[in-house]
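The values are calculated or read from the model by the stated rules, or taken from the named source; none is laboratory data. Remember, predicted model here, so these are calculated numbers, not experimental data. Methodologically, a virtual Cβ is constructed for each residue, glycine included, from the backbone with ideal geometry; neighbour enumeration extends over all protein chains shown.
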Amino acid sequence: MSELHKFIFDGLPVRGIVVRLTDTWTEILRRRASNSEHGAYAAPVREMLGEMVAAGVLMQSSIKFDGALVLQIMGDGPVKLAVVEVQSSLEVRATATVLQPVPEGATLSQMVNVNNQGRCAITLDPQTKFPGQQPYQGVVPLFDDHGKPIDKLNAVLEHYMLQSEQLDTTLVLAADEQVAAGLLIQRLPVQGEGNLSGSLVSKDNEDQIGLNEHYNRISILASSLKREELLSLDVETVLRRLFWEETLTRFEPLVGEVAPRFACSCSRERVARMIVGLGADEAYSILQERPNIEVACEFCGVQYHFDPVDTARLFVPPTQQIEGGDTPH
Ligand SMILES: [Zn+2]
């Protein structure tokens with residue numbers, strides 16, 4: 001079963017999270033494989049998306065935020081888009097748009113950064129917005145400060161966290177057809193969290209970037225974790241092997257109903273709004289070619305059908321509508 005564990009290093013400004021997704025991840029893969037239009041992901045795409053799912057859950061779990069965290073890669077290669085959405089409740093959904101066959105053993109760059117035009121975006125979309133409020137979005141390229149392509153997702157995200165959040169972060173990520181897993185180690189901001197040792201509070205946060213010896217030591221330990229170990233070992237064994245010389249305080253693990261789990265937020269109402277967004281002319285021109293407007297959810301595979309009567313109701317002015325239905329906003 002899927003599980004998530006948070007911990008802090010006693011007396012040090014360092015915290016960690018481990019996530020291990022099993023049923024959650026295989027459900028995402030199962031829905032994709034049963035999609036007759038696309039079929040299952042090629043292994044390199046599956047690995048990238050699984051690492052993104054693990055990273056998205058880790059990042060959502062590391063912030064105090066009520067809403068959706070969306071991690072996206074907009075690719076310039078055979079994979080055009082990969083999206084992971086994680087709600088504060090840790091409901092997860094994910095999908096990738098693959099335009100061309102992806103060869104065995106393809107790297108991140110070969111999939112999404114062929115011309116160094118790939119981008120990684122992180123969006124925080126609050127559950128409740130004040131009028132006119134836009135979601136927060138940060139975007140980073142898939143190359144480093146010298147223009148050299150970054151070929152590991154963990155390095156892209158570590159770069160992002162440092163550039164846009166001023167947070168030292170170490171990520172270890174891995175995924176296969178059964179498990180998507182990740183380990184996050186982060187230096188806590190000097191001001192803020194209440195579990196810091198007294199010795200550090202007078203220092204300015206930026207002075208500490210890359211320089212905190214405790215964080216650096218723990219980061220090196222974390223980075224020694226191999227992909228195969230992260231995929232095959234249980235969480236207790238991983239933490240014992242890496243940090244047996246450190247003192248950890250563990251929090252209640254999130255398992256069962258509160259563990260990260262697959263859920264899709266699509267609905268007939270949302271699809272109806274999308275059709276309204278197309279406009280009546282476009283909607284009716286689709287219906288001239290086929291009996292229904294059919295929209296399949298890319299995340300969960302559910303098919304929504306709108307026949308001519310359903311469609312006509314969408315475009316009736318609200319004042320003439322007798323009951324229910326979706327009205328354009
Ligand atoms: Zn859906």
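Assorted remarks:
- Region 29-39, residues that are closer than 23 Å to ASN113 by Cβ and in contact with a helix residue (DSSP H, G or I) (Cβ under 8 Å, 6 or more places away or on another chain): HIS38
- Residue in region 18-40 that is under 20 Å from TYR160 (Cα atoms) and touching a His at 6+ places or on another chain (Cβ under 7 Å) present: yes
- Of the listed requirements (1) within 25 Å of ALA94 (Cα to Cα); (2) modelled with pLDDT of 95 or more; (3) of a type outside the set (Lys, Arg), GLU294 misses just one: (2).
- Any hit, region 109-128, residues being within 16 Å of the ligand (Cβ to nearest atom) and part of a helix (DSSP H, G or I): no
- Residue among VAL92, VAL98, VAL114 that is at negative phi, in contact with a Gly (Cβ under 6 Å, 6 or more places away or on another chain) and not aromatic (Phe, Trp, Tyr): VAL114
- Where strands (runs of 3 or more DSSP E) fall wholly inside region 49-103, no range has 3 or more residues that are touching a strand residue (DSSP E or B) at 6+ places or on another chain (Cβ under 8 Å) and not assigned by TED's automatic domain parsing to the domain that holds ARG15.
- Only residues that are in contact (Cβ under 8 Å) with a residue 24 or more places away in the chain, under 30 Å from ILE17 (Cα atoms) and either part of a helix (DSSP H, G or I) or within 16 Å of the ligand (Cβ to nearest atom) (or both) were counted in region 254-313, giving 11.
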